[in-house]
Amino acid sequence: MIKIYIAGKISKDSVFGTHDWRDNFCSVLENLSRLKIKNLDPTKTGADQGDSMLIFGADSYLISISDVLVVYLSDDISIGGSQEILIAKYFKIPVIGLAKHGGKFNGADKEYFGKTVKNYKDPFVFTTCDIVCETIEEVADALRNLQTIEPKTLDIIAKSVEYYLANKKV
């Protein structure tokens, strides 16, 4: 059995239309990957929604005991997903991003300072995720090969600063 923490939008007003979308998402992943999945669902911890530290602690705990974090990078994802990626880096948990091609994180054209970047890849997604997939089928393949993923750690932050200093043009 593989324990998965699914990061992504919680609101029922998201593209999923329900709070419980993770159950269906994991069922589809089970069918595609032929793996038994335990859904470590952050919406089912019973944490008091008025207690920010309790919610953060519950989510951090679930990430710490997961085998992998899958982040569904829908175009309407909130700030929590990015934080959950870094929490996984802290615990050395592999991160698989699901960012559809043509969405705001992967492959769309994006304008910066009057210039268009073709096939844009969001730097915060592609630098911190260990794998970025475009489809749920690709996520299932990554799960079947989870043992081959070498998780990035928080060291990615210092490495990116060093890279910047060595390669900056200003």
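The values are calculated or read from the model by the stated rules, or taken from the named source; none is laboratory data. Not measured: the values here are computed from a predicted model. To get the accessible areas, we keep the full protein, side chains included, count just its heavy atoms, and leave off ligands, DNA and RNA. Shrake-Rupley method; radii C 1.70, N 1.55, O 1.52, S 1.80 Å.
A few remarks follow.
- Amide H contacts for Val71 (H built 1.01 Å from N in the peptide plane; partners 5 or more residues away or on another chain; cut-off under 5 Å): Ala7, Ile96, Gly97, Leu98.
- Using the Karplus relation 6.51 cos²θ - 1.76 cosθ + 1.60 with θ = phi - 60°, the per-residue 3J(HN,Hα) values for segment 76-86 come to 10, 4, 9, 4, x, x, 5, 5, 5, 4, 5 Hz, with x marking Gly and Pro.
- Accessible-area composition of the chain, carbon plus sulfur, in percent [1.4 Å probe]: 56 percent
- Distant-in-sequence amide contacts of Lys38, defined by a placed amide H-H separation under 5 Å and a gap of 5 or more residues or a different chain, comprise Ile2, Lys3, Ile4.
- When the listed pairs Lys104/Lys159; Lys89/Lys159; Lys3/Lys89; Lys38/Lys159; Lys9/Lys89; Lys92/Lys169 are checked against a 22 Å cut-off, the alpha-carbon distance exceeds it for Lys104/Lys159; Lys38/Lys159; Lys92/Lys169.
- Counting only protein heavy atoms and a 1.4 Å probe, the chain has 58 square angstrom of accessible area per residue.
- Look at where the Cα atoms of segment 117-170 and of segment 46-81 average out, and the two centres are 20 Å apart.
- Note, ³J(HN,Hα) from phi for segment 129-138, Karplus 6.51, -1.76, 1.60, rounded to Hz, x at Gly and Pro: 6, 7, 9, 10, 10, 9, 9, 5, 5, 5
- Under the criterion of Cα pairs below 8 Å and six or more residues apart, the relative contact order for segment 1-150 equals 23 percent.
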